[in-house]
Amino acid sequence: MFFLSDASKVPALPTTLGSGSSGKTVRPICSILALLVLAAGNLLAQSDSAQIELVGFAGSSRTDTQFLHEYLGIERRDPYTNKVRDEGAQQLRNLGIFSNVTARIESTEQGNRITYYLDEALPILPLLNFGGISENFWFRVGAFDRNTFGRAGLFHVSYRYYDRHSFETYLTAPYQWGPQWGIHAYAGRLATREPVIIAETDLEYDVDRWVAIARGRYNVNRKLHVELGGGVLIEEYDKVDTYTGTPGPAQASFQKTLGQAMVVYDDVDYFGHRVTGFYEEAVAEIVTTAGEAGVFWKFINTLKGYTGVWKDGIIGARLRTGIAKNDASPFLPFVLDSYINVRGVGNRTARGSSEVTVNLEYRHTVLEGSFGAVEAVSFVDVSGWRQAGQSFSETFAKDNTVSFAGVGARFYVQPWLNMVFRIDYGHSLRDDNRQGFVVGTGHYF
């Protein structure tokens, strides 16, 4: 170690590149500079190799590859990481149109390329749902196309017997005009037999609802979208013959106009039969009736969450909250029903102007293989409603609540189908005479 106290004592640098001691001094400096240049070149080369040159898809015979490029949003020259590759694969799985998605990085003449290998699920599938309790049975049959236009659209047609005959069809095309704009359209005749109370008398009406609705959709991003639209509704009421001479009109008909707004946040990831994440859907609706003053309104918010536990378990929860204008009407908008909110309770057993429903479910994988998987399920469903004219707090009154628990099974078929079949049996926790089953496709929630 040495110290310099005078600038005149600083050794002079050589000014020539000749032979002798001066040349020997320069050679190490040149070697160091050469090493630095080589290192910089290697870093630049590594930087170039970490860029994405191309994104390709293999196996997309029906799906529009241009749509897949738009949906993923991965651009040429974007930085490449394993996270980018894996997130892209998960986004493709979440579309629900592929039974399997794998990805790999490879080097081509054009540069680094991410290739997603896709196994397209059968796009057109049959639809079957049914369930019931003693002397009360319903079923739905139909078909749906889950990759309409090759852009992950859904087209559905079905017939339903629910005391009476109904049909419905709808089209959801979430990315029809690029990654941001889509449409939803619905038309149907919903025919039911409704329990009502007029002047403290229990009655039944045959109700026909003719509905046509269209909503435009804007995708803020892959997780958040907004829908806005409206439609028309014609309601026809006919009192069941056995109630002739009781209070209430024999027939009634109403022509209504609907306005709807929906906000959906979907952060749920699917990997085969396993599902994790969070989902929220908020729907607001206003209704005007021809020849009547005033506006009817309704709001429904649905929260769903899923998390994995242990190695083979999934806990799912749903909270469905609804509230509407508290008119003194026998035809209230919220219903208690096995198909909608409480498994085993029966078909349209009660009506209310508000609803709070909690569904808890535990799914445990008991068998898994190349065919798919089998899950055992246990669940608890609790629901409360407000009758016409009551305060919202009455939603939780004992006479306005039901609680059911039960068991079930899920059969997930992966090859070609990528589809879940379910069966559930629910039993009342307060009344041993109330129980029933629900069978269908897809998870209950």
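Could you quote the convex hull projected area for the stretch 220-296, Cα atoms only and averaged over all directions, in nm²?
Averaged projected hull area, Cα only: 9.4 nm².
Quickly estimate the mean residue ellipticity at 222 nm for the chain, helices only: each DSSP H run with n ≥ 4 gives -39500 (n - 2.57), and the total goes over all residues, rounded to 500.
The per-residue figure over the chain is -4000 deg cm²/dmol.
Stokes-Einstein at 37 °C, 0.692 mPa s, Kirkwood radius from Cα pairs: D for the stretch 69-218 in µm² s⁻¹?
Estimated diffusion coefficient is 171 µm²/s.
Going highest first, how would you order 363-370, 180-187 by mean Cβ packing within 10 Å?
The most tightly packed comes first, giving 180-187, 363-370.
Write down the percent of antiparallel bridges among all DSSP beta bridges whose residues are both part of the chain, to the nearest 5.
Among the beta bridges of the chain, antiparallel pairing accounts for roughly 95 percent.
Relative to a virtual label point 7 Å from the Cα of LEU54 in the Cα→beta-carbon direction, which members of the stretch 108-133 show backbone nitrogen distances below 14 Å?
Answer for the stretch 108-133: 108-116.
Using a Förster distance of 51 Å, how high is the FRET efficiency between PHE254 and ASP78, based on the Cβ-Cβ distance and rounded to 0.05?
FRET efficiency, PHE254 to ASP78: 0.40.
Would you mind getting me the FRET efficiency between ASP241 and ALA187? Use the beta-carbon distance for r and R0 = 35 Å, nearest 0.05.
0.75
Run the numbers for ARG222 and ASP145: contour at 0.36 nm per residue of separation, minus the present Cα-Cα distance, in nm.
In short, 25.6 nm is gained.
Report, to the nearest 10°, how far helix 21-49 tilts away from the longest principal axis of the Cα atoms in the chain, using its own Cα long axis and a range of 0 to 90°.
Between helix and principal axis, roughly 20 degrees.
What three numbers, in Å, describe the spread of the alpha carbons of the stretch 54-120 along their principal axes, ordered from the longest?
29, 22, 19
Once you list every other residue whose beta carbon is under 10 Å from the beta carbon of ILE315, what net charge do they have if Lys and Arg are +1 and Asp and Glu are -1?
Residues near ILE315 contribute 0 overall.
For a Förster distance of 30 Å, can you work out the FRET efficiency between the beta-carbons of ILE124 and GLU281, rounded to the nearest 0.05?
Efficiency computed from Cβ-Cβ geometry: 0.70.
Assuming a viscosity of 0.890 mPa s and a temperature of 25 °C, what translational diffusion coefficient in µm² per second does Stokes-Einstein assign to the stretch 317-445, Rh being the Kirkwood radius over Cα pairs?
The calculation lands on 157 µm²/s.
Pairs to check: LYS311/LYS398; LYS298/LYS398; LYS223/LYS256; LYS223/LYS398; LYS256/LYS398. Give those whose C-alpha atoms are more than 30 Å from each other in this structure.
The pairs that break the limit, which is 30 Å between Cα atoms, are LYS311/LYS398; LYS223/LYS256; LYS223/LYS398; LYS256/LYS398.
How much length is gained on full extension from THR441 to VAL407, taking 0.36 nm per residue of separation minus their Cα-Cα distance?
Here the answer is 10.6 nm.
Using the alpha-carbon atoms, what tilt in degrees (0 to 90, nearest 10) does helix 82-94 show relative to the longest principal axis of the chain?
20 degrees
Give the percent of DSSP beta bridges with both residues in the stretch 54-120 that are antiparallel, rounded to the nearest 5.
Counting only bridges with both partners in the stretch 54-120, antiparallel ones make up about 65 percent.
Mean separation of Cα pairs under 8 Å and 6+ residues apart, divided by the residue count of the stretch 273-398: what relative contact order is that in percent?
Taking the mean separation of contacting Cα pairs over the length of the stretch 273-398, I get 20 percent.
7 Å from Cα along Cα→Cβ at both GLN66 and TYR362: what's the point-to-point distance in nm?
5.1 nm
What translational diffusion coefficient, in µm²/s and rounded to a whole number, does the Stokes-Einstein relation yield for the chain at 37 °C and a viscosity of 0.692 mPa s, taking the hydrodynamic radius as the Kirkwood radius over Cα pairs?
125 µm²/s
What Kirkwood hydrodynamic radius, in Å, does the stretch 211-363 give when the mean of 1/r is taken over all pairs of distinct Cα atoms and then inverted?
Answer for the stretch 211-363: a Kirkwood hydrodynamic radius of 18.3 Å.
Per residue and in Å³, how big is the convex hull formed by the alpha-carbon atoms of the stretch 84-135?
100 Å³
Every read-out reported here was derived from the displayed coordinates using simple, explicitly stated rules and does not represent laboratory data. Not measured: the values here are computed from a predicted model. A quick note on method: Cβ atoms are made from the backbone with ideal geometry, for glycine too, and the neighbour counts reach across all protein chains shown.
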